[in-house]
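The block underneath contains the structure these notes are about, expressed in structure tokens.
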Amino acid sequence: MVVGSLAGVAVLFELVSLAHRAQLESQLHDPVDVMLGAACLFVFGWGLALVAPRVARWFAMFVAMGAAAAAAVAAKGTESAYTIPLLCVGVAAVFVVFASYRGDRQERRARTA
């Protein structure tokens with residue numbers, strides 16, 4: 001839980017910081033790269049949610065918050081091309097949160113059987 005929180009807050013801080021300083025283009029290079037990152041977050045986050053649901057849940061919650069905030073900042077600033085890809089990162093993180101609740105429920109069922 002603590003590991004997921006720390007990692008999620010680090011991603012949140014980095015995304016919002018890059019968006020605030022208008023450095024998304026220089027650091028992330030292309031909106032397609034952000035979409036690929038969202039796909040990787042979804043695939044690997046889903047697996048993590050099945051193995052360690054609490055870690056994945058806290059990580060994904062903070063990533064979703066950071067992606068939404070960064071998308072809002074990017075939409076208001078000069079890098080509006082990154083708004084939709086950052087929102088996709090947030091949606092992928094929300095799916096990981098839902099998967100972590102499912103994984104937690106399966107884990108409890110296995111312990112009681």
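The values are calculated or read from the model by the stated rules, or taken from the named source; none is laboratory data. Treat the numbers as computed from the prediction; the structure is a model and nothing was measured. Positions of Cβ are generated from backbone atoms using ideal geometry, with glycine treated the same way; all protein chains shown enter the neighbour counts. All accessible areas refer to the heavy atoms of the entire protein, side chains included, with ligands and DNA or RNA removed. Shrake-Rupley method; radii C 1.70, N 1.55, O 1.52, S 1.80 Å.
For Arg105 and Val3, calculate 0.36 nm times their separation in residues minus their Cα-Cα distance, and state this gained length in nm to one decimal.
Between Arg105 and Val3, full extension yields 34.7 nm more.
What does the charge count around Tyr82 come to, taking other residues whose C-beta lies under 15 Å from its C-beta (Lys +1, Arg +1, Asp -1, Glu -1)?
Neighbourhood net charge equals -3.
To test your reading of the geometry: what angle, between 0 and 90 degrees and rounded to tens, separates the Cα axis of helix 2-20 from the longest principal axis of the chain?
In the chain, helix 2-20 runs at an angle near 10 degrees to the longest axis.
Could you work out [θ]222 nm for the chain from helices alone, using -39500 (n - 2.57) per DSSP H run of at least four and dividing by all its residues? Round to the nearest 500 deg cm²/dmol.
Per the formula, -30000 deg cm²/dmol.
How much of the pair distance distribution for the chain lies past 20 Å, counting alpha-carbon pairs only, in percent?
Roughly 38 percent, once rounded to a whole number.
Would you pull out the residues with amide H under 5 Å of Gly77's amide H, same chain only if 5 or more places away, H placed 1.01 Å from N?
Sorted by chain and number, the residues that satisfy this come to none at all.
As an exercise, identify the trypsin sites (Lys or Arg not before Pro) in segment 1-82 lying in DSSP coil whose Cβ has no more than 12 other Cβ atoms within 10 Å.
Filter output for segment 1-82: Arg21.
Accessible area of the chain with a 1.4 Å probe: how many percent of it is carbon plus sulfur?
Ligands and nucleic acids excluded, carbon and sulfur reach 71 percent.
Counting Lys and Arg as +1 and Asp and Glu as -1, each charge on the Cβ, what is the dipole of segment 1-94 about the Cα centre in debye, to the nearest 20?
So the dipole magnitude of segment 1-94 works out to roughly 360 debye.
Take the Cα coordinates of segment 42-87, assign each an equal point scatterer, and use the Debye formula without solvent to give log10 I(q)/I(0) at q = 0.20, 0.22 Å⁻¹.
-0.65, -0.71
Which listed residue (Val89, Ser100, Ala67) has the Cα farthest towards the positive end of the charge dipole for the chain, taking +1 on Lys and Arg C-beta and -1 on Asp and Glu C-beta about the Cα centre?
Ser100
Taking the solvent-accessible surface of protein heavy atoms with a 1.4 Å probe, what is the per residue accessible area of the chain in Å²?
Averaged over the residues of the chain, the accessible area is 59 Å².
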